[in-house]
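*Asks:* Please find one structure pasted underneath; my questions will follow.
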Amino acid sequence: RGNKQKGGYAMKKKLLGILLSTAMIATMLVGCGSSAADTTAPADSSTEESTDASADASADAEAPAASGDLIKVGIINNDPNESGYRTANDKDMKAMFTEENGYEASFAYSLKNDEQITAAQKFIQDGVDYLLLSAADTAGWDSVLKDAQDAGIRVILFDRTIDADDSLYEASIVSDMDKEGETAVNWLADQGLDEYNIIHIQGVMGSAAQQGRTGALDKKAKSDDNWNIVTQQTAEWNAEKAQQIVQSEIDKGTKFNVIYAENDDMAKGAVAALDKANISHGVGKDVIVMGFDCNSWALEELLNQNWNYDGQCNPYQASTIDGIIKKLEAGEKLEDKVVIMEEKGFDATTITQEDIDKYGI
């Protein structure tokens with residue numbers, strides 16, 4: 001009997017094992033059954049799901065590599081606090097040269113040429129693909145740009161020109177500073193004053209903007225006896241320094257009827273000195289006030305006829321630079337090595353709110 005019990009127990013155990021195995025197989029079939037059942041679905045439906053999943057997996061796999069495909073740019077600019085123009089210019093560059101747009105960008109700022117050159121040398125050592133440069137001074141760039149060229153780094157100038165062989169850079173996206181000066185001086189000549197006694201406030205000496213805006217005025221003053229530059233000093237784009245220069249001339253009793261300031265901030269400082277001395281300025285007043293850059297607040301001064309003239313200097317060069325880089329990356333030849341930004345001058349007697357909304361920075 002004990003053997004029968006053992007045999008019966010063994011038989012039950014074996015049967016239980018079979019039942020469990022069968023249940024497991026059935027469960028596995030149910031698990032795969034959804035795929036089997038999907039065979040009745042349109043073939044292209046399952047293909048789309050498979051393709052999407054593969055694309056997602058592929059994208060995940062390529063994500064790290066994609067970061068390595070970013071174009072490395074080293075951007076050397078003047079101090080963003082230099083002026084409203086420079087703030088707008090820097091903001092434009094930072095908005096364009098982002099990872100989302102395919103770039104890995106590093107920025108360096110200085111109003112001093114030697115510090116900018118040091119920054120350029122570091123970017124070369126870092127192995128950037130492109131060096132974007134707004135030079136503080138037009139001179140002294142040949143050696144470092146030759147180093148960049150030897151390292152296979154392409155140089156693109158923006159905002160300002162330099163005194164270097166054009167073989168050392170790919171392109172130059174700049175304002176025509178000489179034309180800016182000529183446009184302003186021609187406007188002033190058209191005012192038909194009996195005598196021009198001009199306080200000339202210059203920007204940073206040696207910069208392309210200073211040279212262009214100064215050159216036209218110097219030329220006119222030398223050729224016309226009734227044009228007299230009563231003082232010519234640099235305020236280095238700074239409003240406070242400009243105010244001090246004008247205040248000094250007022251204190252000395254200097255006779256003047258024109259403020260020719262090479263940017264809006266310096267014109268603002270000059271006007272502060274005029275206001276302090278109760279000297280009228282603007283349309284039909286004692287002193288003509290001229291600035292450059294077309295900050296929105298400066299154009300408002302024209303609209304209110306507190307200033308007389310403002311010369312445009314277009315700070316939005318980033319999209320043009322981006323287009324040039326894309327062409328170079330595609331192996332295309334550039335149509336023009338020098339791209340001149342479109343600019344104009346504004347007169348207080350004709351400016352409109354629409355002008356301010358469109359051109360103000």
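The values are calculated or read from the model by the stated rules, or taken from the named source; none is laboratory data. A quick note: this is a predicted structure, and the numbers were derived from the prediction, not measured. Note that each Cβ is placed from the backbone with ideal geometry, even for glycine, and that neighbours are counted across all protein chains shown. These accessible areas exclude ligands, DNA and RNA; they are computed on the full protein's heavy atoms, side chains included. Shrake-Rupley method; radii C 1.70, N 1.55, O 1.52, S 1.80 Å.
*Asks:* Among all residue pairs at least 6 apart or on different chains, which show Cβ distances below 7 Å where the first residue, located in segment 213-224, is without any contact (Cβ under 8 Å) to a residue 60 or more places away in the chain and the second is aromatic (Phe, Trp, Tyr) and not in a helix (DSSP H, G or I)?
*Replies:* Close Cβ pairs satisfying both conditions: LEU217/TYR260; LYS220/TRP227; ALA221/TRP227.
*Asks:* Among the numbered criteria (1) among the hydrophobic types (A, V, I, L, M, F, W, C); (2) farther than 23 Å from CYS294 by Cβ; (3) in a strand (DSSP E or B), which single criterion is violated by ILE201?
*Replies:* The single condition ILE201 does not satisfy is (2).
*Asks:* Also, quick follow-up: Those residues that are of a type in the set (S, T, N, Q) and within 21 Å of ALA136 (Cβ to Cβ), I need them from segment 185-220; list them, please.
*Replies:* GLN202, SER207, GLN210, GLN211, THR214
*Asks:* Still on this structure: Note down all Cβ pairs under 9 Å where the first residue falls in segment 323-351 and is modelled with pLDDT of 95 or more, the second is open to solvent by 70 Å² or more (accessible area, probe 1.4 Å) and in a loop (DSSP other than H, G, I, E, B), and they're at least six residues apart or on different chains.
*Replies:* LYS326/GLU332; LYS327/LYS333; LYS327/GLU335; ALA348/ASN304; ALA348/GLN305; THR349/GLN305
*Asks:* Have a look at GLY323, GLY331 and point out the one that is small (Gly, Ala, Ser), in a helix (DSSP H, G or I) and farther than 25 Å from GLU82 by Cα.
*Replies:* Just a single option satisfies the conditions, and that option is GLY323.
*Asks:* Restricting segment 126-143 to residues that are assigned to a loop (DSSP other than H, G, I, E, B) and among the polar types (S, T, N, Q), which is modelled with the highest pLDDT? Spell out how you get there, then give the answer.
*Replies:* Initial filter on segment 126-143 (assigned to a loop (DSSP other than H, G, I, E, B)): 127-129, 134-141.
This time we only want the ones that are among the polar types (S, T, N, Q), so: 134, 138.
Values: SER134: 97, THR138: 93.
If we take residues in segment 126-143 being assigned to a loop (DSSP other than H, G, I, E, B) and among the polar types (S, T, N, Q), then SER134 is modelled with the highest pLDDT.
*Asks:* If you check VAL144, VAL128, which single one turns out to be free of Cβ contacts under 8 Å to residues at least 40 places away in the same chain and not basic (Lys, Arg)?
*Replies:* Step by step, each of VAL144, VAL128 is checked, and only VAL144 is free of Cβ contacts under 8 Å to residues at least 40 places away in the same chain and not basic (Lys, Arg).
*Asks:* Taking the residues in segment 66-95 that are open to solvent by less than 40 Å² (accessible area, probe 1.4 Å) and hydrophobic (A, V, I, L, M, F, W, C) as candidates, determine which candidate is nearest to the chain's Cα centre (by Cα).
*Replies:* Checked segment 66-95; the qualifying residue nearest to the chain's Cα centre (by Cα) is MET93.
*Asks:* Residue check: is ALA209 open to solvent by less than 50 Å² (accessible area, probe 1.4 Å), out of contact with any Phe, Trp or Tyr (no Cβ under 9 Å at 6 or more places or on another chain) and part of a helix (DSSP H, G or I)?
*Replies:* No.
*Asks:* Moving on to the next point. Check off (1) closer than 22 Å to ARG154 by Cβ; (2) in a helix (DSSP H, G or I) for GLU301 and give me the number that stays unchecked.
*Replies:* Condition (1) is where GLU301 drops out.
*Asks:* Using beta carbons and a limit of 6 Å, which pairs, at least six apart or on different chains, have the first residue in segment 76-104 and of a type in the set (S, T, N, Q) and the second one surrounded by fewer than 22 Cβ atoms within 10 Å (Cβ to Cβ)?
*Replies:* ASN77/TYR109; ASN78/LEU111; THR87/PRO80
*Asks:* Identify, please: which residue in segment 178-198 is hydrophobic (A, V, I, L, M, F, W, C) and free of Cβ contacts under 8 Å to residues at least 40 places away in the same chain and is, among those, least open to solvent (accessible area, probe 1.4 Å)?
*Replies:* The residue in question is VAL185.
*Asks:* Could you tell me which residue of segment 285-322 is nearest to GLU180 (Cα to Cα), considering only residues that are open to solvent by 40 Å² or more (accessible area, probe 1.4 Å), in contact with a helix residue (DSSP H, G or I) (Cβ under 7 Å, 6 or more places away or on another chain) and of a type outside the set (Gly, Ala, Ser)?
*Replies:* The selected residue is TYR316.
*Asks:* Scanning segment 219-235 for residues that are out of contact with any strand residue (DSSP E or B) (no Cβ under 8 Å at 6 or more places or on another chain) and either among the basic types (Lys, Arg) or outside any loop (DSSP other than H, G, I, E, B) (or both), which turns out least open to solvent (accessible area, probe 1.4 Å)?
*Replies:* Across segment 219-235, the extreme among qualifying residues is SER223.
*Asks:* Would you point out which residue out of GLU170, GLU182 is of a type outside the set (Val, Ile, Thr), within 29 Å of ASN308 (Cα to Cα) and more than 16 Å from the chain's Cα centre (by Cα)?
*Replies:* Residue meeting the stated conditions: GLU182.
*Asks:* For segment 257-293, how many residues are β-branched (Val, Ile, Thr) and free of Cβ contacts under 8 Å to residues at least 40 places away in the same chain?
*Replies:* As a first pass, look at segment 257-293 and keep what is β-branched (Val, Ile, Thr): 258-259, 271, 279, 283, 287-289.
From the residues that got through so far, the ones that are free of Cβ contacts under 8 Å to residues at least 40 places away in the same chain too are 271, 279, 287, 289.
Looking only at that region, the number is 4.
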